[in-house]
Amino acid sequence: MSGANLAMIEQALQAPVMDAVIAVTERYQFLEEHQGARVFTAYRAVDHVLHVGFTADLNQELRDDLEQRGFALLAEREGTRREHRLLLLTLGEIGFKASYSQDYFAASRVLVRHLRNLGWPLGTLSQL
C-alpha cells in the first residue's frame, strides 16, 4: 500500500473517529451531571411485553408505577436519553414495531437477541 493510499484512508477515518470521540465525551459529561440516569428493561408476563426505557431518575415512585402496571424490572444500568433514542431507531430499522407506545415491544427471542447484541441491560431475561 502506497503512502498516498494510507493518507487517503487516514483522512477518510478522521471524521468518524472524531464523531465517536465526541459521542463518548458527551456520554460521560451527561452521566456526570445526571448520576441517576438509567436505561432499563421491564417485562410484563400477562401479555409478554418488554418495556425498554430511559429515566433521569429510577426512583421508588417509578419502580412502584412499573409494578402496579404488572411489569417486573429485570435490569438497569446508567445510560443516556441519546442511547435510548438510538436503540429505538435501531429496533425500528431492523423491523421491530412498538406496541403500546415507542418503548413497548412484543417480547420474542429474536428481540432479546438483538437487545443483548446491542448491549441493552436484560438481566435474567437473557436466560429465558
> What are the semi-axes of the equivalent ellipsoid for the stretch 39-83, taken as the square roots of 5 times the Cα gyration tensor eigenvalues, largest first, in whole Å?
Replying inline: 18, 13, 7
>> I'd like the accessible area for Asp47, computed on protein heavy atoms only with a 1.4 Å probe and all protein chains in place. Round to 10 Å², please.
In response: 50
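May I ask you to compute the full-extension gain from Arg81 to Gln60, defined as 0.36 nm times their residue separation minus their alpha-carbon distance, rounded to one decimal in nm? If you can, show how the numbers build up before the last one.
On the way: separation 21, 0.36 × 21 = 7.56 nm, distance 1.98 nm.
Result: 5.6 nm gained on full extension.
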> Which of the chymotrypsin sites (Phe, Trp or Tyr not before Pro) found in the stretch 52-128 are loop residues per DSSP with 15 or fewer other Cβ atoms within 10 Å of their Cβ?
Replying inline: Tyr100
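Where only protein heavy atoms count, and the probe is 1.4 Å, what is the accessible area per residue for the stretch 66-125 in Å²?
Details: 3660 Å² over 60 residues.
For the stretch 66-125, the per-residue accessible area is 61 Å².
The values are calculated or read from the model by the stated rules, or taken from the named source; none is laboratory data. From a predicted model like this one, the values you see are computed outputs, not experimental measurements. Cβ sites come from the backbone with ideal geometry, for glycine too, and all protein chains shown count toward neighbours. For accessibility, only protein heavy atoms count, side chains too; no ligands or nucleic acids. Shrake-Rupley method; radii C 1.70, N 1.55, O 1.52, S 1.80 Å.
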